[in-house]
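Reading through the structure tokens given below for one structure.
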Amino acid sequence: MMQIAELAQRIVVLHRSLGYLHLELPPEICGETAVDAIEAGMKTLDGLSSAAVDRGWKRISIRFDAQILSTPEVARHLFSLLPGLPLDEAPAAEPEAAPSIDLNNGFQPLLDKLKAIIIPAAPPPEGSLQARFQPMVESALTEKAITNFFNDIVAFYLIRVHWDLITKRWLQNPVANSNAWLTVFYLVFLLVRYRKTK
């Protein structure tokens, strides 16, 4: 069985802010029973709001009252749970797989996980630079915003590739190249309609 001290050293801090701690856990303590024991054990700490383990990403998000608890106290409590965890049930021998994404729901679940990593749980101070930029980051990390961005990239790419044809042929003789102009207008119509209906 792995030494507890070595296991504790492999717990990595991914994000830390006032009242929030996001940690990456070793695969050995991410078995079903071990995760349940971690979540239940963390919630016994006074001042802790929530402790949730993401089994796919092997990470734990902890929210706590910063006026009652400090970050080191939360970490020490987590380390104190390690000796009692059922490590033998963890799937340590299996290769670590990437979290599955349900393509039927698009890639918004992946963007939500990215938001949880980038945006701190505690609200930023009013008037700060972070408070001004946080709504912009949240609106940019949506499926609609990402899709619109890539649609615009494709549109600019097509314009760049056909620029010589547009300036040297299509504009000089629009009647002879009416099929090309009809294609352009139709693609612009589809792009505008997509933005309005989404």
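The values are calculated or read from the model by the stated rules, or taken from the named source; none is laboratory data. Being a predicted model, the structure only gives us computed values, none of them experimental. FYI the Cβ positions are ideal-geometry reconstructions off the backbone, even for glycines, and counts take in every protein chain you see. Accessible surface is based on the protein model in full, side chains and every heavy atom, while ligands, DNA and RNA are left aside. Shrake-Rupley method; radii C 1.70, N 1.55, O 1.52, S 1.80 Å.
Figure the gain on full extension for GLU138 and SER80 (residue separation times 0.36 nm, minus the Cα-Cα span) and round it to one decimal in nm.
On the way: separation 58, 0.36 × 58 = 20.88 nm, distance 3.59 nm.
Stretched fully, the GLU138-SER80 segment lengthens by 17.3 nm.
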Revision key, fill the gap. Most packed first (mean Cβ within 10 Å per residue), the peptides 28-35, 65-72 order as 28-35, 65-72
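Figure the gain on full extension for VAL192 and ASN148 (residue separation times 0.36 nm, minus the Cα-Cα span) and round it to one decimal in nm. Write down the numbers at each step before the final one.
Working: separation 44, 0.36 × 44 = 15.84 nm, distance 1.04 nm.
So the extension gain works out to 14.8 nm.
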Point to revise | Rounded FRET efficiency, nearest 0.05, which uses the C-beta distance separating GLU6 from SER49 and R0 of 30 Å | key: 0.50
Review point. So between LEU165 and TRP181, what do we pick up on full extension, going 0.36 nm a residue minus the alpha carbon distance?
Key: 4.6 nm
Review point. What residues qualify as long-range amide H neighbours of ARG59, i.e. H under 5 Å apart, gap of 5 or more or another chain, H built at 1.01 Å from N?
Key: LEU25, ASP54
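I'd like the carbon and sulfur percentage of the solvent accessible area for segment 27-70, probe radius 1.4 Å, heavy atoms only, ligands and nucleic acids excluded.
Details: 970 of 2030 Å².
Carbon and sulfur together cover 48 percent of it.
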Study note, to complete from the structure: Taking r as the C-beta separation of GLN67 and ASP112 and R0 as 35 Å, the FRET efficiency to the nearest 0.05 is 0.75
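Taking the Cβ of SER50 as the centre, find all other residues whose Cβ is under 10 Å away and add up their charges (Lys, Arg: +1; Asp, Glu: -1).
Details: positive: LYS43, ARG63; negative: GLU39.
That sum, taken over residues with Cβ under 10 Å, equals +1.
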Study note, to complete from the structure: For SER128, placing the label point 7 angstrom along Cα-to-beta-carbon and taking segment 20-52, residues whose amide nitrogen sits under 15 Å are 20-21
